Amino acid sequence: MKKIISISIVLLMVASAEAQTNAVDEFFNKYSERDGFTIVTISGKLLGLFSGKNAKSETSELINNLSSIRILSVNDSLLNMNLNFYKELTGRLNMSVYEELMAVKEGKDETRFLIRQKGDRISELLLITGGPGDNTLISIRCDFDLKSLSQLSDEFGIECLEDLEKMENEEKPR
């Protein structure tokens, strides 16, 4: 009986984790064929092409740890007025599995940078912007630690992520 209960609990945990991933997938699917929205999907295979002979070996390894990058944006100002990706998506996600790295509030627009992490490994990064000025969702599926993410941001000039390595060092007990 204990085995059955244990197996059931494990299966529920796996299903719960999968449901979180599906909430983001469902969000992309919801807007994928609607007018006024743009979706860009970059596969891990295409990203791997960027890690060719000319890339530094560290950068090449980091890029190979990217599974996919997906971007959903609204390109119609009238649609933006009636949407809020942040409120809509966070209403569907179990926010307890994400850690907020950064929040920006500019007028009625809100931007959050979230990571999904298990131990020291990051499996998903979400950048969600919602409000009448802009609605964008960027989902990056990967296998990184904060130091690797910081290195990648340095390599590609993503200034808002420069201090991630410091955050990782601060979290460790001294």
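Bear in mind these aren't lab numbers, they're just calculated from the coordinates by the rules spelled out. Since we're looking at a predicted model, the values are computed, not measured. Glycine gets a Cβ as well: all are built from the backbone with ideal geometry, and neighbour counts include every protein chain shown.
Listing for the model above:
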{"item": "Neighbour net charge for Thr38 - beta-carbon separation under 15 angstrom, K R +1, D E -1", "result": "-1"}
{"item": "Theoretical gain in end-to-end length, Asn82 to Lys105 [0.36 nm per residue, Cα-Cα removed]", "result": "6.5 nm"}
